[in-house]
Amino acid sequence: MKYPLISSRLAARLTILPFVVIALTIFVGCVLWSVQLSFTSSKLLPNSDFVGLDQYIRLFNTTRWIVSLKNMVVFGVLFTSGSLVLGFLLAVFIDQKVRAESFFRTVFLYPHALSFVVTGLAWQWFLNPALGLQEMVRVAGWESFTFDWLVNRDFAIYTVVFAAIWQASGLVMALMLAGLRGVDPEIWKATKIDGVPTWRVYLHVIVPILGPVIFTSVILLSLSVVKGYDIVVAMTGGGPGIATEVPAKFVLDHLLQRANIGLAMAGATVMLLTVIAALAPWLYLKHVKKGANG
Amino acid sequence: MKFKRYLSGSVAALCLAATCFGTAASAEGKKAEVIHWWTSASEAAAIKVFADRFKDAGGEWVDNGIAGDAAKRTFTNRLLGGNPPQVGQFNVTREFEEIVDAGLLNNLNAEAEAGNWAEVLPGIINNVIKRDGNYYAVPVNIHGSNWLWYNKAAFEKAGAKPPTDWDSFFAAVDKLKADGIVPIAVGGESWQERLTFNAVLLSVAGRDFYLKLFNNRDAELIKSEKMGEVIDVYTRLRDLVRETDKGSPGRSWNETTSMVITGKAAMQIMGDWAKGEFISAGQKAGVDYGCIPAVIPQSPYMISGDVFVFPKTGDDADREAQSLMVNVMLDKETQIAFNNVKGSIPVRSDVDPSKLDPCGAQAIKLTSSDATHVGSTGMYITPDLAGAIQDIYTEYWNASDMTKEDMVARLVETFETVN
């Protein structure tokens, strides 16, 4: 029994070896290369002219970068929490054994079939004061109706949050619904017998059971926060002015249009550090603490 | 790095293996693959002029049109990967000088001398395509980015006259406003706001100021009174647009042009590519719409354009095809045919102006003398600095709490810190 086990394990390891090598070379190698470039004066082409922290100093003296970071935080918090709450509520709604469940499920999941680019464009038309909602209501007779968040520099970022929640909450719903369907019916029966109100069961019993699903959703959502680029480009182009700029757009603009690889890579490195900082507590809990316990 | 080089090398080898049979089969044909970004309907029609003439001259044109910025990226990646196409496109800016310095492009001195480029091309374009005395790129057109386009019917109805200076501009604005039309429509994207700023800068501060600022990078000028006047006019325009053109933020340039075409707005400041929109809407220059080069008459005209570059491929047949391409692109007849479709004007000043439309005929007068035009900022400063100051223009245009002094301070700081 012992030998076949080892050899099958060996075979498995051999099978994944090429992928490990590729992953290490390409992912880790490129990450390291990017970080190294952030300390150089690279313009259009990569070079190895070391300039120390110059790019980082310029980065944090650039208003647009600071605005981008703030927007990432605002967008990240509102988008993640909004999608979770809305997705959860939709899942609970569908879990009530409603009629035409598959119809609703499809409708709610549909926005997720669209890319962020299409989402952004559709919402841009819808919220454009001269074309969309505002104009429609005005034509219908309410002439003083004003909804110009999209073109208002103080509120434009929230319209991006709306659109992103609309797109992503369907996916969260699907995940949560799968989680809800996995809940043991005996639990429901037990709470019915004890006479616990339904909302308390959801809040205090079901949500903890859904822990792993919620965690998965948070990870998926936060990835799109850090990568957030396409929806902003399609919806506002970073405007009005620089009101809705995000870090990924800063990096790509400097990489592709402004021929400043060094500064772009400094931005990318800061983004990487942000992700690591966000994941660190979880990694600690998951690995270090577990290691200590077991 | 090593791995990357190996990877791109092997990719290149694979590509070569795949295409070498094809090349052998088509035998002696002077084959040129052209990477360009002219993919919209009118642009594609324009580049087809080049393709057809190249075929007539005995070449084989392999079209590789890639929309948007991706074209430059694809070209640069293939160049660095060792598998360049025979022809690639850039703007008339300093953006390709690093590639020249890396020794990746063929120099075109022989073609330039034979074609007498130093005489027939405008001086500033001649400068941009030359580096250390050698030619590396072929300019094919001249676009002007500071034009005022206006709806003639709207002006007549409001009793307004086309502007001759900024005072008469704002006088016309008042009449148009009273008539209930959007006086001037601006598409609120950062590059359009930069274009507006540059148009104001040129008309208020003039050619010498502009050249000292961008060519000599004299940051002291930003603190001058003249710059204060520039920012004042820019601010007046900004406040006017905020008040009258509510749909401005994020609107594309062509939607904005269509407001002028349909009479929702009276004026737009935009490059001559806007002409294509008027033409495709069936309007006639001088009848339905008016055009004033440089926005305010007698101001310097800001020119930009496109160039093609010719990478070293290590193959003599390719070099011959490239040489043929250079001559086809700069041929007088081809230049007129191409530019009439493209909306720009020929890059040679020795063509017959009567074959151009009324707007183009005005423009070619301005490009034939050095004193009446300047290059776009991209010819003098790096894309990095151009981008950084564009961020400041757009921030000011959209801000409520940014003062004129803030803008000056930020511009000075940017000029001093960004290379």
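The values are calculated or read from the model by the stated rules, or taken from the named source; none is laboratory data. Given the structure is predicted, the values throughout are model-derived calculations rather than measurements. All Cβ positions, even for glycine, are placed from backbone atoms using ideal geometry, and neighbour counts span all protein chains on display.
Of the residues contained in the stretch B:151-159, none is found to be closer than 20 Å to B:T382 by Cα, of a type in the set (A, V, I, L, M) and assigned to a helix (DSSP H, G or I).
Of all residues in the stretch A:228-274, those that are in a helix (DSSP H, G or I), in contact (Cβ under 8 Å) with a residue 60 or more places away in the chain and among the aliphatic types (A, V, I, L, M) total 12. Within the span defined as the stretch B:258-279, every residue fails to be under 21 Å from B:P183 (Cα atoms), among the hydroxyl-bearing types (S, T, Y) and surrounded by 20 or more Cβ atoms within 10 Å (Cβ to Cβ).
Here B:A388 fits the description: part of a helix (DSSP H, G or I), facing chain A (nearest Cβ under 10 Å) and crowded, with 23+ Cβ neighbours inside 10 Å.
Would a scan of the stretch B:129-140 turn up a residue that is more than 19 Å from B:K332 (Cβ to Cβ) and part of a helix (DSSP H, G or I)? No, the conditions are met nowhere in the stretch B:129-140.
Consider A:F79 carefully, then state whether it is in contact with an Asp or Glu (Cβ under 6 Å, 6 or more places away or on another chain), away from chain B (no Cβ under 14 Å) and not polar (S, T, N, Q). So A:F79 fails the test.
With respect to (1) at pLDDT 95 or above; (2) surrounded by fewer than 19 Cβ atoms within 10 Å (Cβ to Cβ), the lone exception for B:N215 is condition (1). The residue list A:V225, A:V218, A:V205 contains one member that is in contact (Cβ under 8 Å) with a residue 40 or more places away in the chain, away from chain B (no Cβ under 14 Å) and more than 29 Å from B:D391 (Cα to Cα), which is A:V218. Among the residues of the stretch A:62-70, are any surrounded by 13 or more Cβ atoms within 10 Å (Cβ to Cβ) and among the small types (G, A, S)? Looking for residues that are surrounded by 13 or more Cβ atoms within 10 Å (Cβ to Cβ) and among the small types (G, A, S), one finds at least one in the stretch A:62-70, hence yes. Select, from A:T274, A:T244, A:T269, the only residue that is out of contact with any strand residue (DSSP E or B) (no Cβ under 8 Å at 6 or more places or on another chain), hydroxyl-bearing (S, T, Y), within 14 Å of chain B (Cβ to nearest Cβ) and buried (at least 16 other Cβ atoms within 10 Å of the Cβ). Criteria check complete, one pass: A:T244.
Results for (1) more than 30 Å from B:P85 (Cβ to Cβ); (2) over 20 Å from the mean Cα position of the chain (by Cα); (3) more than 14 Å from chain A (Cβ to nearest Cβ), shown as yes or no for each residue.
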| residue | (1), (2), (3) |
| --- | --- |
| B:D132 | no, yes, yes |
| B:P162 | yes, yes, yes |
| B:D174 | yes, yes, yes |
| B:G187 | yes, no, no |
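For every residue, the table says whether it meets (1) more than 9 Å from every other protein chain (Cβ to nearest Cβ); (2) at pLDDT below 90; (3) within 16 Å of the chain's Cα centre (by Cα); (4) assigned to a helix (DSSP H, G or I).
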position	(1), (2), (3), (4)
B:I381	yes, no, yes, no
B:E395	no, no, no, yes
B:D401	yes, yes, no, no
B:D406	yes, no, no, yes
B:V412	yes, no, no, yes
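Does B:A114 fit the bill of being over 23 Å from A:K43 (Cβ atoms) and touching a Lys or Arg at 6+ places or on another chain (Cβ under 8 Å)? Against the criterion (over 23 Å from A:K43 (Cβ atoms) and touching a Lys or Arg at 6+ places or on another chain (Cβ under 8 Å)), B:A114 does not qualify.
Here's the yes/no breakdown for (1) farther than 30 Å from A:Y202 by Cβ; (2) more than 14 Å from chain B (Cβ to nearest Cβ):
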| position | (1), (2) |
| --- | --- |
| A:Y110 | no, yes |
| A:V118 | yes, yes |
| A:Q124 | yes, no |
| A:A130 | yes, no |
| A:L133 | yes, no |
| A:A140 | yes, yes |
| A:F145 | yes, no |
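Considering only the stretch A:29-46, I want to know if a residue exists there that is among the hydrophobic types (A, V, I, L, M, F, W, C), at the interface with chain B (Cβ under 10 Å from one of its Cβ atoms) and touching a residue at least 40 places away in the same chain (Cβ under 8 Å).
yes
Check off (1) within 23 Å of the chain's Cα centre (by Cα); (2) modelled with pLDDT of 90 or more; (3) within 26 Å of A:G239 (Cα to Cα) for B:A265 and give me the number that stays unchecked. Among (1) within 23 Å of the chain's Cα centre (by Cα); (2) modelled with pLDDT of 90 or more; (3) within 26 Å of A:G239 (Cα to Cα), B:A265 violates only (1).
Of all residues in the stretch B:349-379, those satisfying the criterion of being touching a strand residue (DSSP E or B) at 6+ places or on another chain (Cβ under 8 Å) and part of a loop (DSSP other than H, G, I, E, B) are B:L356, B:D357, B:S376.
Within the option set B:A32, B:A110, B:A70, being surrounded by 14 or more Cβ atoms within 10 Å (Cβ to Cβ) and either of a type in the set (D, E, K, R) or at negative phi (or both) holds for one residue only, B:A32. Could you list all residues from the stretch B:52-77 that are without any contact (Cβ under 8 Å) to a residue 12 or more places away in the chain and away from chain A (no Cβ under 14 Å)? If the condition is that a residue be without any contact (Cβ under 8 Å) to a residue 12 or more places away in the chain and away from chain A (no Cβ under 14 Å), then B:D52, B:K55, B:D56 are the ones that fit.
Scanning the stretch B:321-334 for residues that are buried (at least 18 other Cβ atoms within 10 Å of the Cβ) and touching a Lys or Arg at 6+ places or on another chain (Cβ under 6 Å) yields B:A321, B:V328, B:T334. Candidates in the stretch B:236-251 are the residues that are within 14 Å of chain A (Cβ to nearest Cβ) and either free of Cβ contacts under 8 Å to residues at least 24 places away in the same chain or assigned to a helix (DSSP H, G or I) (or both); of these, the one that is nearest to B:K404 (Cα to Cα) is B:R238. If the condition is being in a loop (DSSP other than H, G, I, E, B) and within 14 Å of chain A (Cβ to nearest Cβ), then the stretch B:83-120 contributes B:T93, B:A102, B:G103, B:L104. What tally of residues in the stretch B:355-374 results from selecting those that are more than 12 Å from B:I303 (Cα to Cα), aliphatic (A, V, I, L, M) and in contact (Cβ under 8 Å) with a residue 12 or more places away in the chain? Residues in the stretch B:355-374 being more than 12 Å from B:I303 (Cα to Cα), aliphatic (A, V, I, L, M) and in contact (Cβ under 8 Å) with a residue 12 or more places away in the chain: 2 in total.
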